[in-house]
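Where a number appears in this text, it was derived from the coordinates with a stated rule and is not lab data. Since the structure is predicted, the reported quantities are computational estimates derived from the model, not experimental observations. Neighbour counts run over all protein chains shown; Cβ positions are idealised from the backbone, glycine included.
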Amino acid sequence: MKTNEIVAAITGKLVIPPAMDIDLNCGFGSDLMSDVLIFARPQMLLITGLTNVQAVRTAEMADIPAIIFVRGKQPQPEVLELAEEIGIGIILSAYTMYETCGLLYQAGLPALGKIETVQ
Amino acid sequence: MDQQFSLFARMGKDLPLTVLHELIRELLVGRVMTSDVLSLTSDTSMQEVKDLMREHRISGLPIVDEGELVGIVSVQDLIHALEQQALERPVADFMTANPFTVHLKEPVVEALRKLESTGVGRLLVVDDHDKLAGILTKGDIVAGLLTALQELYNEAEALQLKRRPSYFFEALESDDTSLTLRYRVHFGDFTLGGQASARIKQALLQIGATPQLARRVAIATYEAEINLIIHTDDGGSIVAEIHPTQITVIAHDAGPGIPDIELARRAGYSTASEIAREMGFGAGMGLVNINRCTDDLNIWSAVGVGTRLEMMFNVPPEEVTVKN
């Protein structure tokens with residue numbers, strides 16, 4: 001799913017376009033960056049309520065091309081600056097995590113499926 | 001055509017439109033024109049024109065008298081001659097005098113504009129002395145662009161090859177070469193947290209590691225870096241040693257130390273502060289994730305002394321054996 005389709009599905013706001021408009025192939029919603037680091041796949045969309053620099057850093061490490069910040073949260077300027085520098089797309093959603101994910105799932109963005117228990 | 005574009009697909013890239021835009025501005029007419037051109041004098045008969053066009057399968061011929069370009073004859077002109085049953089008459093009676101020309105040092109984009117604005121199928125190419133140097137059709141331009149794209153691709157591929165770790169290390173002669181990157185990580189500094197890991201990742205990509213390897217190293221190092229920020233008294237250091245066959249990243253701190261390493265390695269076990277949790281960490285998954293990303297992991301810790309985390313990553317063989 002392309003960035004503009006994602007923005008349209010959640011009637012969100014694209015504040016930083018991703019450096020490359022990659023076709024995102026799945027979504028993952030979490031406020032826990034450790035979980036994101038474990039489950040991340042390249043070309044995955046991150047949906048989170050965590051609006052600090054660590055969300056952007058996590059995306060950078062895990063090759064995540066774009067992040068949606070949920071619950072109408074407005075990230076601090078340094079967060080946006082870092083995202084722009086690295087080339088990670090930032091989208092703002094006025095919906096909660098549950099509803100944002102629901103809208104994207106409905107629009108056809110796949111999930112990761114059942115997760116094996118992490119020991 | 002398909003084959004050319006698949007070249008870019010193999011590079012994992014779309015052919016950017018800007019590349020074509022730049023090419024038609026950079027590429028000069030002289031490089032894409034057909035320079036071995038058949039020409040006739042103006043007293044040649046239209047019968048001969050007809051025979052030559054058929055024999056050489058060409059649709060336009062320049063007319064040159066004593067070295068001076070005087071006109072061009074096309075299939076259209078030949079049809080006129082045939083209609084008038086005048087094949088015995090000289091080409092001078094049917095040719096287009098003062099044909100459209102383009103200079104061989106002009107960029108292709110200029111030739112394209114002229115072809116577009118005049119509606120002709122071919123332009124005659126002239127040199128500094130207005131002498132005929134070649135002929136240019138849209139077909140020549142397409143072929144020229146494809147050749148230039150192929151060259152660009154070859155250059156990019158050669159560059160890619162040079163950037164592999166093997167090449168990087170082969171250029172430096174020693175019995176055992178490695179590259180060491182050192183970083184200082186400060187306790188509680190969530191703003192700069194991740195910078196060391198990000199730089200290690202960039203360095204790995206720069207010397208040609210695969211994205212998969214760079215990602216694996218980055219994730220494990222990032223978890224270790226966050227641990228230094230969350231759990232130490234005074235931060236610590238991260239040292240990455242990049243060897244042609246193995247990458248070792250060591251996260252070291254001077255306390256407080258882990259009382260029970262086995263417990264710390266267990267999923268979900270956490271002693272993280274409230275602030276660490278607010279930053280999205282402290283779920284007790286750090287060491288679990290590090291373990292998953294590394295090929296070998298050693299933890300040494302003593303309470304009151306410090307902790308040393310040694311993470312090893314094997315460089316897949318194809319990355320070190322690829323040669324030209």
Amide H neighbours of A:ILE88 under 5 Å, at least 5 residues apart or on other chains, H built in the peptide plane: list them.
A:ALA19
Rounded to a whole number, the Stokes-Einstein D of the protein assembly as shown in µm²/s (Kirkwood radius over Cα pairs; 25 °C; 0.890 mPa s) is 92 µm²/s
Starting from the stretch B:68-152, pick out the GluC sites (Glu not before Pro) whose DSSP state is loop and whose Cβ has at most 10 other Cβ atoms within 10 Å.
B:GLU88
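Most exposed first by the Cβ proxy, i.e. fewest other Cβ within 10 Å, how do B:MET53, B:MET285 rank?
On the way: B:MET53 18, B:MET285 22.
Result, fewest neighbours first: B:MET53, B:MET285.
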When a footprinting reagent is the concern and you count Cβ atoms within 10 Å, what order do B:ASP127, A:ASP35 take, fewest first?
B:ASP127, A:ASP35
Using the Karplus curve 6.51 cos²θ - 1.76 cosθ + 1.60 with θ = phi - 60°, work out ³J(HN,Hα) for each residue of the stretch B:249-254 in order, rounded to whole Hz, and write x for Gly and Pro.
10, 10, 9, 10, 9, 10
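If the convex hull of the alpha-carbon atoms of the stretch B:182-227 is projected onto planes in all directions, what is the mean projected area in square nanometres?
If you wrap the Cα atoms of the stretch B:182-227 in a convex hull and average its projections, you get 3.0 nm².
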Chain A, helix-only ellipticity at 222 nm - DSSP H runs n ≥ 4, -39,500 (n - 2.57), divided by all residues, nearest 500
-10000 deg cm²/dmol
Under 12 Å from the Cα of B:LYS114 - aspartates and glutamates, other chains or at least 8 residues apart:
B:GLU106
In the structure shown, do any of B:LYS105/B:LYS131; A:LYS13/A:LYS73; B:LYS105/B:LYS138 have a Cα-Cα gap over 20 Å, and if so which?
none
Chain B - mean residue ellipticity at 222 nm from DSSP helices (-39,500 (n - 2.57) per run, n ≥ 4, rounded to 500):
-12500 deg cm²/dmol
I want to check the label-to-label distance for A:TYR98 and A:GLN43. Put each point 7 Å from Cα in the C-beta direction and report it in nm to one decimal.
3.2 nm
Can you give me the long-range amide H partners of B:HIS103? Hydrogens built in the peptide plane at 1.01 Å from N, cutoff under 5 Å, separation of 5 or more residues or another chain.
B:VAL126
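Ranking B:VAL142, B:VAL108, A:VAL36 by Cβ neighbours within 10 Å, fewest first, what do you get?
With the sparsest Cβ surroundings first, the list reads B:VAL142, B:VAL108, A:VAL36.
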Please report, in cubic angstrom per residue, the volume enclosed by the convex hull of the alpha-carbon atoms of the stretch A:41-86.
59 Å³
Amide H to amide H under 5 Å from B:ASP65: which residues, 5+ apart in sequence or cross-chain, H placed 1.01 Å off N in plane?
B:VAL70
Set the Förster distance to 22 Å, then compute FRET efficiency between B:SER117 and B:THR96 from the Cβ-Cβ distance, nearest 0.05.
0.85
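Using just the alpha carbons, could you tell me how many Å³ per residue the convex hull of chain B encloses?
For chain B, the hull spanned by Cα atoms encloses 203 Å³ per residue.
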